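Have a look at the structure below before the remarks.
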Amino acid sequence: MAKLEKIIEIESLYKSFRKGNQIIPVLQNISFDIMDGEFLALMGPSGSGKSTLLNLIAGIDKPDSGSIFVQGIDITNLDERTLSRWRSEHVGFIFQFYNLIPVLTAFENIELPLLMMNLSAKDRKEHVDFALSIVGLYDRKDHYPKQLSGGQQQRVAIARAIVTDPSIIVADEPTGDLDKKSAEDVLNLMSELNQKFGKTIIMVTHDLRAAKYAKSMKYLDKGVLINGSAEIFI
Amino acid sequence: MKLILLYSLRNLIRRKLTTLLTASGMALVILVFSAVLMLSEGLRKTLIKTGSPDNVVVIRKSAGSEVQSGIDKEQANIIEISPEISLNDRGKRLVAKELVVLIGLTKKGTDKLSNVVIRGVMEMSLPLRSQVRLKEGKMIRWGTNEIIVGSKIAENFDGVKIGSFLSFGQRQWQVVGIFDGGTTGFNSEIWADVEQLKQSFRRPTYSSIIFKLSDLKDFENLKMRLENDPRLTVEVKKEMQYYEDQSAMMTRFIKVLGVSMTIVFSIGAILGAMITMYSAVAQRKREIGTLRALGFQKVTILAAFLMESLLLSFAGCIGGLFLSSFLQFYTISTMNWQTFSELAFSFTLTPKIILQSLIFSLIMGVIGGLIPALKASSQKIVDALRTD
Ligand SMILES: Nc1ncnc2c1ncn2[C@@H]1O[C@H](COP(=O)(O)OP(=O)(O)O)[C@@H](O)[C@H]1O
Ligand SMILES: [Mg+2]
């Protein structure tokens, strides 16, 4: 399944946050690779640094030290503008609370990432329609987020994450706010994206049922990675 | 980008009440701002109309206005025989040597003194002013203490009617006629025989010499000749230009006063906009973080929030101008001014004023929106996205 090729290489990553004049170490000496086409579940107790690690990989935060190579580029060295552009081209985001823009329709929300590409309105519409058909919400495209259920909103968010055809999708607790049925729908959809479209997915979750949909797991505890033995801890 | 505009607009519509309140604040400021400009424009228009297009005014060099001017008899004699001056149908030159003095008169219903212009006139003064006509009574008999008064003077001052006496310049003057000056400043003047006025106020000089040109094309030559004549120290202006210059001083005063007042008001409106935009930024923190994560640049976020503030102030501008456009139906009839007391004029809306109001409101929008927009765009993405 996985083309045995590294897409992400993380090397001795350190990250701490400052609270007042106190420095809280959050990630310590994290090193691992992610293969192209992988579906990785990042697990661990609350506060262990899962989101922080995911944010670093997605390029919305910078580490204190260490490097993250994505397809050969060390994204920790990119400046703000370049990194923004890099994200828009390479990363799709799925959030726990969907994070759709309330004043935009489903269609417009999905269209957002395309506005940063050089596409005609017609091309954008094609892309959005395709993404909508994948998540099965074509008939809801003119609805505003508040007119949709949680599960539907998350599927719109997934359509937004894939509309630019990024190679990596990051998802932080994507089912954390959903009922069991909607959660299953979302997870099935993510599996499909991984298997059918070959997307590399990194999903933070502390729900073991959700993690079961992934192909591999990594376990974080107090900012330290416990390699390849996640099941032992659960 | 169209979607940014749509995004900003929909956010404004979503919080209707706040938007309405904030825009109303701005509308009030624009109302005051445009009203001040409309007032000064109305004044300017009225004053310019006081002049006739082919009349020329000669005053002392750098005197600025008739009130400060003084032209002695010798100079006046040279000027009044200029060949460019037009003749009336009986072959007489259409020229008048006039004197302007200011006196205090008590206004009806108050005990306050208002400044009133007394103009010493000659036979040709009336024909030179096509807008002015005698409405009641008769014309002054030359060489007497008779006076005629403008209709505004008769309306607004105690004891000014035909047959009554006014006392100034150590004499008693009898009102024999009332004239109507249309919309001009003459309505607020009292006219007397110039030679009588000179005597009673012990003025050796005239204030101005007014005449009609037989051909407007002669103006530049005439101006050049008179201003460079070594015997003369005068300034030659077209009458309309003269009144335009007169109004400039006054309208500038109104503008400076009014605009400084508006700027003080606008601080309130700007603070209102700032508070509104700050709370918008705080409420949409996670939304901003999301947009940044998706790859939108800081400047785009800045632009979106600035756009929202600008739309807000634009709405305020439209509202303010809408309200002030009703002022056009309102005529101001009392305005105490040093030389032009008791002028009647109305608020006048012009495209220039609309543009100025627009610029002013957009400046308010930028000032009110910039700091919140900067705050929105400079947040760290991870901080903006955090939910705990
Ligand atoms: N932006 C931030 N500022 C300060 N502290 C943070 C920030 N993000 C995370 N932290 C802290 O870092 C630790 C790890 O947080 P996080 O990565 O969100 O954990 P998890 O996702 O595993 O629950 C927590 O103690 C949290 O309070
Ligand atoms: Mg987390």
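The conditions are (1) of a type in the set (D, E, K, R); (2) under 24 Å from A:Met117 (Cα atoms); (3) within 16 Å of ligand 1 (Cβ to nearest atom), and A:Lys199 fails exactly one of them. Which is it?
(3)
Sort out which residues of segment A:6-57 are within 17 Å of the chain's Cα centre (by Cα) and of a type in the set (Gly, Ala, Ser), and write them in order of number.
A:Gly37, A:Ala41, A:Gly44, A:Gly49, A:Ser51
This table checks each residue for (1) assigned to a strand (DSSP E or B); (2) in contact with a helix residue (DSSP H, G or I) (Cβ under 6 Å, 6 or more places away or on another chain); (3) closer than 30 Å to B:Lys61 by Cα.
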{"site": "B:Val149", "(1), (2), (3)": "yes, no, yes"}
{"site": "B:Ala154", "(1), (2), (3)": "no, no, no"}
{"site": "B:Ile162", "(1), (2), (3)": "no, no, no"}
{"site": "B:Ser167", "(1), (2), (3)": "yes, no, no"}
{"site": "B:Val175", "(1), (2), (3)": "yes, no, no"}
{"site": "B:Phe179", "(1), (2), (3)": "yes, no, no"}
{"site": "B:Phe186", "(1), (2), (3)": "no, no, yes"}
{"site": "B:Lys198", "(1), (2), (3)": "no, no, yes"}
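Looking at (1) touching a Gly at 6+ places or on another chain (Cβ under 7 Å); (2) within 16 Å of ligand 1 (Cβ to nearest atom), can you tell me which one A:Ile60 breaks?
Failed condition: (1).
Please go through (1) surrounded by 14 or more Cβ atoms within 10 Å (Cβ to Cβ); (2) within 12 Å of chain B (Cβ to nearest Cβ) for A:Arg81 and return the number of the only condition it doesn't satisfy.
Failed condition: (1).
Looking at segment A:18-47, which of the residues that are within 14 Å of chain B (Cβ to nearest Cβ) and within 13 Å of ligand 2 (Cβ to nearest atom) is farthest from B:Lys380 (Cα to Cα)?
It comes out as A:Ser46.
Applying the selection to segment A:140-151, what residues are in contact (Cβ under 8 Å) with a residue 40 or more places away in the chain and not aliphatic (A, V, I, L, M)? Break it down into steps so the answer makes sense when it comes.
Within segment A:140-151, the subset in contact (Cβ under 8 Å) with a residue 40 or more places away in the chain is A:144-146, A:148, A:150.
Within segment A:140-151, A:Tyr144, A:Pro145, A:Lys146, A:Gly150 qualify.
Could you figure out which of (1) of a type in the set (A, V, I, L, M, F, W, C); (2) surrounded by fewer than 20 Cβ atoms within 10 Å (Cβ to Cβ); (3) within 22 Å of B:Thr50 (Cβ to Cβ) isn't true of B:Trp142?
(3)
Only one residue in A:Leu13, A:Leu54, A:Leu27, A:Leu40 is part of a strand (DSSP E or B), near ligand 1 (Cβ under 10 Å from one of its atoms), surrounded by 15 or more Cβ atoms within 10 Å (Cβ to Cβ) and hydrophobic (A, V, I, L, M, F, W, C). Which one? Show your work before the answer.
On the way: A:Leu13 fails: near ligand 1 (Cβ under 10 Å from one of its atoms); A:Leu54 fails: part of a strand (DSSP E or B); A:Leu40 fails: near ligand 1 (Cβ under 10 Å from one of its atoms).
Answer to the selection: A:Leu27.
Mind checking whether some residue in segment B:275-285 is in contact (Cβ under 8 Å) with a residue 40 or more places away in the chain and either among the basic types (Lys, Arg) or within 11 Å of chain A (Cβ to nearest Cβ) (or both)?
Yes, segment B:275-285 contains at least one residue that is in contact (Cβ under 8 Å) with a residue 40 or more places away in the chain and either among the basic types (Lys, Arg) or within 11 Å of chain A (Cβ to nearest Cβ) (or both).
Run down B:Leu5, B:Leu17, B:Leu9 and say which single residue is away from every other protein chain (no Cβ under 14 Å), hydrophobic (A, V, I, L, M, F, W, C) and more than 16 Å from B:Met250 (Cα to Cα).
Among B:Leu5, B:Leu17, B:Leu9, only B:Leu17 is away from every other protein chain (no Cβ under 14 Å), hydrophobic (A, V, I, L, M, F, W, C) and more than 16 Å from B:Met250 (Cα to Cα).
Limited to segment B:32-56, what total is found for residues that are more than 12 Å from B:Leu327 (Cβ to Cβ), of a type in the set (Val, Ile, Thr) and assigned to a helix (DSSP H, G or I)?
3
Any chance segment B:251-262 includes a residue that's more than 14 Å from chain A (Cβ to nearest Cβ), in a helix (DSSP H, G or I) and among the charged types (D, E, K, R)? If you could, list the steps in order and put the result at the bottom.
Within segment B:251-262, the subset more than 14 Å from chain A (Cβ to nearest Cβ) is B:251-262.
Subset that is in a helix (DSSP H, G or I): B:251-262.
After this cut, where a residue has to be among the charged types (D, E, K, R) as well, the list is B:252, B:255.
Yes, some residue in segment B:251-262 is more than 14 Å from chain A (Cβ to nearest Cβ), in a helix (DSSP H, G or I) and among the charged types (D, E, K, R).
State all residues of segment B:356-388 that are in a helix (DSSP H, G or I) and either within 10 Å of chain A (Cβ to nearest Cβ) or within 16 Å of ligand 1 (Cβ to nearest atom) (or both); if no residue qualifies, say none.
Filtering segment B:356-388 for residues in a helix (DSSP H, G or I) gives B:356-378, B:381-385.
Those that are in a helix (DSSP H, G or I) and either within 10 Å of chain A (Cβ to nearest Cβ) or within 16 Å of ligand 1 (Cβ to nearest atom) (or both): B:Ser378, B:Ile381, B:Val382, B:Asp383, B:Ala384, B:Leu385.
Name the pairs whose Cβ atoms lie under 9 Å apart, with the first residue in segment A:52-71 and more than 9 Å from chain B (Cβ to nearest Cβ), the second near ligand 1 (Cβ under 10 Å from one of its atoms) and of a type in the set (Ser, Thr, Tyr), and 6 or more positions between them or separate chains?
Qualifying pairs under 9 Å: A:Asp64/A:Ser16.
Scan (1) closer than 14 Å to B:Leu213 by Cα; (2) buried (at least 21 other Cβ atoms within 10 Å of the Cβ) for the single condition B:Gln75 breaks and write down its number.
B:Gln75 satisfies every listed condition except (1).
If we scan segment B:290-309, do we find a residue that is crowded, with 22+ Cβ neighbours inside 10 Å and more than 14 Å from chain A (Cβ to nearest Cβ)?
yes
Does segment A:70-78 contain at least one residue that is farther than 16 Å from B:Arg292 by Cα, of a type in the set (D, E, K, R) and out of contact with any Lys or Arg (no Cβ under 9 Å at 6 or more places or on another chain)?
Within segment A:70-78 (the criterion being farther than 16 Å from B:Arg292 by Cα, of a type in the set (D, E, K, R) and out of contact with any Lys or Arg (no Cβ under 9 Å at 6 or more places or on another chain)), the answer is yes, since at least one residue qualifies.
Only one of B:Ser309, B:Ser260 is in the same structural domain as B:Ile363 (by TED's automatic domain parsing) and touching a residue at least 40 places away in the same chain (Cβ under 8 Å). Can you tell me which?
Numbers: B:Ser260 fails: touching a residue at least 40 places away in the same chain (Cβ under 8 Å).
Just one listed residue meets the conditions, B:Ser309.
Would you be able to tell me the number of residues in segment A:63-87 that are within 16 Å of ligand 1 (Cβ to nearest atom), more than 20 Å from A:Asp172 (Cα to Cα) and hydrophobic (A, V, I, L, M, F, W, C)? I'd like the intermediate steps shown before the answer.
Of all residues in segment A:63-87, those within 16 Å of ligand 1 (Cβ to nearest atom) come to A:63-64, A:66, A:68.
Next cut, more than 20 Å from A:Asp172 (Cα to Cα) only: A:64, A:66.
Remaining after also requiring hydrophobic (A, V, I, L, M, F, W, C): none.
Summing the residues that are within 16 Å of ligand 1 (Cβ to nearest atom), more than 20 Å from A:Asp172 (Cα to Cα) and hydrophobic (A, V, I, L, M, F, W, C) in segment A:63-87 gives 0.
Would you confirm, using the coordinates I've provided, whether A:Glu173 is within 17 Å of the chain's Cα centre (by Cα) and more than 19 Å from B:Thr290 (Cβ to Cβ)? Before the answer, list the steps.
Numbers: within 17 Å of the chain's Cα centre (by Cα): yes; more than 19 Å from B:Thr290 (Cβ to Cβ): no.
Against the criterion (within 17 Å of the chain's Cα centre (by Cα) and more than 19 Å from B:Thr290 (Cβ to Cβ)), A:Glu173 does not qualify.
I'd like to check which helices (runs of 4 or more DSSP H) are fully inside segment A:115-222 and have at least 1 residues that are at pLDDT 95 or above and more than 16 Å from ligand 2 (Cβ to nearest atom).
In segment A:115-222, A:121-135, A:150-162, A:180-197 are the helices (runs of 4 or more DSSP H) which contain 1 or more residues that are at pLDDT 95 or above and more than 16 Å from ligand 2 (Cβ to nearest atom).
Taking the stated definitions as given, is A:Ser48 small (Gly, Ala, Ser) and at pLDDT below 95? Don't jump to the end; show me each part of the working.
Values: small (Gly, Ala, Ser): yes; at pLDDT below 95: yes.
When the stated conditions are applied, A:Ser48 passes them.
Across segment A:84-95, what is the total count of residues that are buried (at least 19 other Cβ atoms within 10 Å of the Cβ) and either more than 7 Å from chain B (Cβ to nearest Cβ) or assigned to a loop (DSSP other than H, G, I, E, B) (or both)?
Pass one, segment A:84-95, residues buried (at least 19 other Cβ atoms within 10 Å of the Cβ): A:84, A:87-88, A:90-95.
Filter once more, so that each one left must be either more than 7 Å from chain B (Cβ to nearest Cβ) or assigned to a loop (DSSP other than H, G, I, E, B) (or both): A:90-92, A:94-95.
Final tally of qualifying residues: 5.
Take segment B:158-201 and flag every residue that is farther than 22 Å from B:Arg141 by Cβ and either modelled with pLDDT of 95 or more or crowded, with 20+ Cβ neighbours inside 10 Å (or both).
Result: B:Thr184, B:Gly185, B:Asn187, B:Ser188.
The values are calculated or read from the model by the stated rules, or taken from the named source; none is laboratory data. Worth saying up front: this structure is predicted, and the values here are computed from it rather than measured. Neighbour counts are summed over all protein chains in view; Cβ atoms, including those assigned to glycine, are modelled from backbone coordinates with ideal geometry.
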